[in-house]
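As structure tokens, the structure follows; a few thoughts come after it.
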């Protein structure tokens, strides 16, 4: 049985579905940070007015954000 003390802070399992509250608590992020991620493309699903984030959606969002924010350097050799 998993208790709240057994949950690793900052670890998101790709096969788990998190409520918005549990997701923010797990990552230690604020409402504004989550709102910014949603505006930037993080998928949130709703059922009966309750929001959920699938762990694999978060991982894909992080990976795609890091790919799009990395700067490619071009070196010219003469």
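As a summary of the residue check, residue 23 satisfies the conditions (1) in a helix (DSSP H, G or I); (2) out of contact with any strand residue (DSSP E or B) (no Cβ under 6 Å at 6 or more places or on another chain) except for the one numbered (2). Of the residues 21, 25, the single one that is over 19 Å from residue 66 (Cα atoms) and surrounded by 12 or more Cβ atoms within 10 Å (Cβ to Cβ) is 25.
All of the numbers you see were taken from the coordinates with simple rules; none came from a lab. Source: prediction; values computed, not measured. Every residue, glycine among them, receives a Cβ derived from its backbone with ideal geometry; neighbour counts consider all protein chains shown.
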